[in-house]
1. Rank-order 173-184, 223-234 by packing density, defined as the average count of other C-beta atoms within 10 Å over each peptide's residues, highest first.
2. Quickly work out the LYS53-to-ARG212 label distance, labels modelled 7 Å from Cα along the C-beta direction, and quote it in nm with one decimal.
3. Excluding residues fewer than 8 places away in the same chain, name every one of the lysines whose C-alpha is closer than 19 Å to that of LYS75.
4. Past the 19 angstrom mark, what percentage of all C-alpha to C-alpha distances in region 159-239 do you count?
5. Hey, which lysines would be in cross-link range of LYS199, C-alpha to C-alpha under 29 Å, not counting anything within fewer than 8 residues on its own chain?
6. When the chain is modelled as a GNM with alpha-carbon springs shorter than 10 Å, which of THR41, THR61, THR131 fluctuates the most?
7. May I ask you to list the residues of region 5-47 whose amide nitrogen lies under 17 Å from a point 7 Å from Cα along the Cα→beta-carbon direction of LEU93?
8. Please arrange ARG212, ARG116, ARG56 by counting, for each residue, the other beta carbons lying within 10 Å of its beta carbon, fewest first.
Amino acid sequence: MKIALDAMGGDLAPWSPVKGTLQFLQDHTSGMEIILVGDQTILKEEIGDSVPKGIRIHHTTQVVTMHEQGSKAIKTKPDSSIVQGINLVKDGLADAFVSAGHTGAIMATSLLSLGRIEGLKRPALAAYIPTATGGKIICDVGANPDARPEHMLQFAIMAAIYFDHVEGKPHPKIGLVNIGSEPNKGSDLYQEAHKLVKKELPNDFIGNVEGRHLLDSPADILICDGFVGNTILKFAESWVNLFIGQLNKQIMDKRSYQMVARMLQPVFTNLKKLYDYEEFGGVPLLGVNGVVIVSHGKSSPKAVKNSLLAAKKCITENLLGDIQHAITEHMVVVN
């Protein structure tokens, strides 16, 4: 199995991709090769005198920065780590691509180079959200700021297959993120999406889910357009970090609290682990004709390691083929 890793993408590159790769290969050596895509001079300086077994460098000379227009990357930066890495998948030289780089460039290049799976209208990003009663999937979280009802049906189908791969639960319950629980709530998009998903997935769809019930509703899958999903995801991330920071400040401000805090340290550690994006690595770009994992821009070595693990799991469990089969079953709806 060969996984191409964007070694120049992300805030902590190339240190984090290299370190994360070394950590991954400590536990996954048999039949694995990680292709570090990036400037070989920089990467060899980061790796050291000799390239370890299981690592190969694919030299590139360009990097897509976060300030560039991602949709033009394939034309303006053809020798970038993102474009070259995705081309390795296209040419059959890698089984998956992982990147913490420019999300827009990853999406645009994946669509142009790999294409969509047959019958799919729009790819989508699905994020895993841990909760006290088990994880949930929210989709889309940024690939489609604007969407149509048939797109959101396909988001639901793909997210359900992904959830089954993550949690081992076929036919998960699906909810539509909305401002009210009634079917006639929300914009025209959400009202029409409600009708369509209910018609096509009657046994799995539970209806609308309000914001206050996102984490405790029976829904395993939360469907929305990319604008709403990305806003929810970024807010959740910032709130968790703010809460932990304020909790630490309150504890440190009073000496009496500090003694109790030492006793509760394992509890705090477990809570942080439960809601830490690093534990889950990257998320797949669902719907493109290849395994592409999009990681957090601030991915640490731990997050990179888990993103590589996510890519490996997608390959071994045939996520791509299962999504293709599910989309084909409902293709008549979106033609």
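1. Numbers: 173-184: 18.2, 223-234: 21.0.
Top of the packing list down: 223-234, 173-184.
2. Between ARG212 and LYS53, the label points sit 6.0 nm apart.
3. Hits, sequence-local ones excluded: LYS90.
4. Working: 1189 of 3240 pairs.
For region 159-239, the fraction of Cα-Cα distances above 19 Å is 37 percent.
5. Cross-link targets: LYS121, LYS136, LYS169, LYS173, LYS185.
6. THR41
7. Under cut-off, by backbone N: 5-8, 33-41.
8. Values: ARG212 8, ARG116 15, ARG56 12.
So the ranking, lowest neighbour count to highest, is ARG212, ARG56, ARG116.
Each value in this text was obtained by applying a stated rule to the coordinates, not by laboratory testing. Everything numeric here is computed off the predicted structure, so don't read it as measured data. Positions of Cβ are backbone-derived with ideal geometry, glycine not excepted, and every protein chain shown enters the neighbour counts.
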